[in-house]
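What follows is a short report on a single structure.
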Amino acid sequence: MRLILAFVLALLLNACAGPQLRGTGDLGLVIERASGHVTLVNTTARQPYARIAGLGDLSHASAVYSRDGRYAYIFGRDGGLTKVDLLAEKIVKRVIQSGNAIGGSISQDGRIVVAQNYAPGGIKAFDAETLELLAEVPAEYAPGQFSKVVGLADVPGNKFAYALFDGGEIWVTDFSNPRAPTTRRYPAGQQPYDGLVTPDGRHYMAGLFGEDGVALLDLWQPEKGARKILENYGRGQEKLPVFKMPHLRGWSVAQGKAYLPAIGRHEVLVVDVATWQEVGRIPVRGQPVFVMARPDGRQVWVNFAFPDNGRIDVIDTPSGKVVHRMDPGKGILHMEFAPRGENVWLSARDDNKVVIYDTENFARIGEIPAASPSGIFFTSRATRIGF
Amino acid sequence: MSASNFVFGLFLLSTAALGLVRPAIAGEPAPARQKELVHLVRQDCGSCHGMTLNGGLGPALLPETLRDKPVEGLVATIYYGRPGTPMPPWKQFMSEAEAAWIVDKLMTKFPQ
């Protein structure tokens, strides 16, 4: 009997001493833009669990995840690409890949990480495992002329779609052969400022700054080229000044409709995704920046450009009306829903915290300190096209 | 001489003294306002020009890159914006003198 007890005890001790196993499905990170830190968070506990330093200039940083959700690839403004292990809570690898970057994406098969760069304009592909450079596609749209690249999105077939701000084109680069990519070009319109791919991976849209409208490319029929939708949504009216460019990534398609920020007007545009016709516009309290659907599509949350960046408007999709307005903090830069949407995390840059709200009753249910927080990225992005 | 007059006199003296040390920029904003403007430039201009002003969608705003550009043109760019480009006008949020102060700081060394 004694022996058996001792044996059981030993087993128990052993179990304690071994590594604690855990999954990654409820983890995430918060970018702390001013100080080059990321804070790792747990969305079940709604608490931070680690803080990592040394990521360089993180203003306008974004992150994508390996498909197992363990590694985050963080793209910094200074061209830094950092691979962070969310379980070991450390930086695994860091390279400076360009002078001035704006974001990145990960391929369908999870093997290639692509960065989009302003200077020198173009995209670069890296081995997701080692961050070794695989290929480069300069955005040379005319001899000797390079464009800033915006709106990079992963699309099926190990391809990436993106838009050229200066070149006015949508490019689709195929990385089936990672070291020898091939690129197709589609005229899009004046000054595309950002892009998105629909949740099914079929349509790529680029919002235009230089004219009213959105360029739409059907990736199932690319030979038809990009066409313009929402043309003249401003109807010739004078545009309001735009103090921050809207972000299309974090698209909202809900109930068969896409919700998009208007440029230069305080409205969210509603488009029927079957016909691509405008079916409505919803007045909101500022120039929308992010227009994001709760994962179930019942609500769409909107934040705003300076000087209205302390506000959030919540649209109820069945009625198409703003049902809740709030002022959750100063400098609300980003929002991220819990994987199934029961709560939403908002970064309040000038309050130095992340605030967490219940999306059903809009009650504040928690907050996390963070220095000048901007982007919030949860591992649930790992399995979504375009994230 | 009342106490408040005395304090005012001291204030005048000290500003005069400052004026001697370095040429005063017409209408240099008050310190609290300077802090607000620095925050505005780093954070809100930073969304296009980069928080470190190294450039983004908009060009870098560093002494090296601005050196050869006429000051009045830069001040006007900030105050009135540049139509046809994403550079918006900031006149609702600052005076022309404040825009000039920002250009002066951008061309020398922009505070953290």
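Laboratory data are not the source of any read-out in this text; all were calculated from the coordinates shown. From a predicted model like this one, the values you see are computed outputs, not experimental measurements. Note: ideal-geometry Cβ built from the backbone for every residue, glycine included; neighbour counts use all protein chains shown.
General remarks:
- Cα-Cα separations in the range A:77-124 greater than 16 Å, expressed as whole percent: 44
- The mean sequence distance of close C-alpha pairs (under 8 Å, at least 6 residues apart), as a share of the length of chain A, puts its relative contact order at 12 percent.
- Based on the convex hull around the alpha carbon atoms, the range A:148-291 presents an average projected area of 8.4 nm².
- Simple Cβ-charge dipole of the range B:29-107, Lys/Arg +1 and Asp/Glu -1, about Cα centre, in debye nearest 20: 100
- Average Cα contact separation per residue, the range B:29-107, under 8 Å, 6 or more apart, as relative contact order %: 23
- Nearest 10 degrees, 0 to 90: helix A:2-17 Cα axis against chain A principal axis: 30
- Value of [θ]222 nm, deg cm²/dmol, for the protein assembly as shown, DSSP H segments ≥ 4, -39500 (n - 2.57) each, nearest 500: -4500 deg cm²/dmol
- Distance from the C-alpha centroid of the range A:245-292 to that of the range B:30-101: 29 Å, rounded to the whole angstrom.
- Per residue, the convex hull around the alpha carbon atoms of chain A comes to 158 Å³.
- Within straight-line cross-link reach of residue A:159, lysines at Cα separation under 26 Å, skipping those fewer than 8 residues along the same chain: A:83, A:93, A:124, A:148, A:224, A:228, A:257
- Taking other residues whose beta carbon is less than 12 angstrom from the beta carbon of residue B:99, and scoring Lys, Arg as +1 and Asp, Glu as -1, yields -2.
- Computed over the range B:29-107, the alpha-carbon pair-distance distribution with 5 angstrom bins reads 3, 15, 26, 32, 18, 4, 0, each value a whole percent.
- Dipole moment magnitude, nearest 20 debye, chain A about Cα centre, only Lys, Arg, Asp, Glu C-beta charged: 480
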